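Enquirer: Once you've had a glance at the structure underneath, I'll fire off some questions.
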Amino acid sequence: MAVFGHLITVVDMQHFKADGSFIANFKAKLADIAVANDGSVWGIVVTGDPETFAIIVNHYATDGKFINSFSIPQKIDGRSSLTDLSIAADGSLWVMTDRDVQHFTTQGSLLTQFSIKLASEAKLLGFSLSPDGSLWLSATDALFHFQANGTL
């Protein structure tokens with residue numbers, strides 16, 4: 001993933017300048033990352049097994065130092081899995097599983113959450129935030145456009 005002319009690798013979470021010189025090791029293995037406007041990194045850690053898992057959102061400074069974290073409560077329904085993470089223009093965080101979209105403050109307070117009605121085998125694949133705050137979501141069988149409050 002390239003951000004601000006720098007390269008960030010998700011597997012070992014290392015940060016490099018555009019010229020290839022090493023900046024920092026984040027000492028974390030993250031399932032997904034998003035970079036804020038200030039260059040800090042938000043990352044998702046999924047822990048546990050399929051029966052008892054937790055999703056943790058960690059925040060790191062550009063030098064790899066840990067800033068804060070919060071956990072995302074999950075319904076254990078045998079279907080949920082993390083698919084995407086994004087940062088809104090105001091710095092808040094959007095997290096998407098294969099069936100739900102959740103919007104959090106940087107301290108982990110839930111702002112909004114909504115579930116997507118999909119065909120039984122369909123799953124959400126990814127999303128993109130529009131400058132106006134609305135969301136475009138792609139699924140295995142459809143494309144959705146939602147307002148930030150979850151209205152289709």
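Enquirer: Tell me the residue from 144, 104, 127 that is over 20 Å from residue 72 (Cβ atoms) and out of contact with any helix residue (DSSP H, G or I) (no Cβ under 6 Å at 6 or more places or on another chain), please. It would help to see each step written out before you state the result.
Expert: Details: 104 fails: over 20 Å from residue 72 (Cβ atoms); 127 fails: over 20 Å from residue 72 (Cβ atoms).
The conditions single out 144.
Enquirer: Take residue 88 and tell me if it is modelled with pLDDT of 85 or more, over 15 Å from residue 33 (Cβ atoms) and of a type outside the set (D, E, K, R). Before the answer, list the steps.
Expert: On the way: modelled with pLDDT of 85 or more: yes; over 15 Å from residue 33 (Cβ atoms): yes; of a type outside the set (D, E, K, R): yes.
So residue 88 fits the description; yes.
Enquirer: Same structure again: Would you point out the residue of segment 122-143, among those that are closer than 21 Å to residue 92 by Cβ and among the aliphatic types (A, V, I, L, M), that is surrounded by the fewest Cβ atoms within 10 Å (Cβ to Cβ)?
Expert: Taking the candidates together, the pick is 129.
Enquirer: Another question, then. Inside segment 55-85, can you point out the residues that are hydrophobic (A, V, I, L, M, F, W, C) and either within 14 Å of residue 36 (Cα to Cα) or at pLDDT 70 or above (or both)? Steps first, answer last, please.
Expert: Of the residues in segment 55-85, the ones hydrophobic (A, V, I, L, M, F, W, C) are 55-57, 61, 66-67, 70, 72, 76, 82, 85.
The answer is 55, 56, 57, 61, 66, 67, 70, 72, 85.
Enquirer: Report, by residue number, each residue of segment 31-47 that is at pLDDT below 70 and crowded, with 17+ Cβ neighbours inside 10 Å.
Expert: Once the filter is applied, which keeps residues that are at pLDDT below 70 and crowded, with 17+ Cβ neighbours inside 10 Å, segment 31-47 yields nothing.
The values are calculated or read from the model by the stated rules, or taken from the named source; none is laboratory data. Keep in mind the model is a prediction, meaning the values are calculated, not measured. Every residue, glycine among them, receives a Cβ derived from its backbone with ideal geometry; neighbour counts consider all protein chains shown.
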